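Here, each number is a calculation from the coordinates, and none is a lab measurement. The structure presented is a predicted model; accordingly, all values stated were derived computationally and were not measured. Don't worry about glycine lacking a Cβ; one is built from the backbone with ideal geometry, like all the others, and counts go over all protein chains shown.
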Amino acid sequence: MDDKKINPTLKFTLEMGPIIVFFAAYLWLRERVFTIGGTEYEGFIIVTAGFVPLMIASSLTLWRLTGKLSKMQIATLVLVVIFGGLSVWLNDDRFFKMKPTMIYLLFGGVLGVGLLRGESYLKYVMEEMLPLKHEGWMILTRRLTMFFFGLAVLNEAIWRTQSTDTWVYFKTFGLTAAIFVFFMTQGKVFQDYADETE
């Protein structure tokens, strides 16, 4: 299937919509307890149960409209299904809270393997958006690898020591802001190693 261009607003909605819905639903249901089949479920578990199929639906829609999903999107979806499913099945929110840790360890690990082989796997994902020379890709990949490992440690520290409210705010806004700030601070790399031939 050929790659297709879609409206950027629609693309953003499909990518970020499930996260925004999760956050709003959590604020609405966080203090409620639901009894289903004789078992009590906190609002967080109910919201997670709704988030998993919503994430699947939005990813399938994005794939249907664009003809592709990135490896990062596929990996994220798989981990959402696994850890979200475990949280709902076992009625234990800890599994879903571990999901960002697993995602960032996976991304950091994959990039790290590439670095050990003298390659930048990041280049294959972002080359169209950021035309850089090889040295630039290697610098950016080393930094992003350490950044991902740092986020994994930070997520563990937050969910294990803070309230669920704090973790939800951190996951929804803190992680997104951190990634945005990371790329904003890499301007010198983009400038010094820009590939003028692209």
Inset, instruction - Give just the number: which of (1) surrounded by 13 or more Cβ atoms within 10 Å (Cβ to Cβ); (2) outside any helix (DSSP H, G or I) does Ala152 not satisfy? - result: (2)
Inset, instruction - Working only within segment 100-147, note down all residues that are in contact with a Gly (Cβ under 9 Å, 6 or more places away or on another chain), assigned to a helix (DSSP H, G or I), among the aliphatic types (A, V, I, L, M) and in contact (Cβ under 8 Å) with a residue 40 or more places away in the chain. - result: none
Legend entry - Selection count where residues are polar (S, T, N, Q) and under 25 Å from Ile36 (Cα atoms), scope segment 85-116: 2
Inset, instruction - Kindly establish whether Gly85 is touching a residue at least 40 places away in the same chain (Cβ under 8 Å) and surrounded by fewer than 16 Cβ atoms within 10 Å (Cβ to Cβ). - result: no
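Just to verify a result, which residue in segment 113-125, among those that are of a type outside the set (Lys, Arg) and surrounded by fewer than 18 Cβ atoms within 10 Å (Cβ to Cβ), is nearest to the chain's Cα centre (by Cα)?
Going residue by residue through segment 113-125, those that are of a type outside the set (Lys, Arg) are 113-116, 118-122, 124-125.
Filter once more, so that each one left must be surrounded by fewer than 18 Cβ atoms within 10 Å (Cβ to Cβ): 113, 115-116, 118-119, 124-125.
Working: Val113: 20, Leu115: 21, Leu116: 24, Gly118: 26, Glu119: 23, Tyr124: 18, Val125: 15 Å.
In this case the residue turns out to be Val125.
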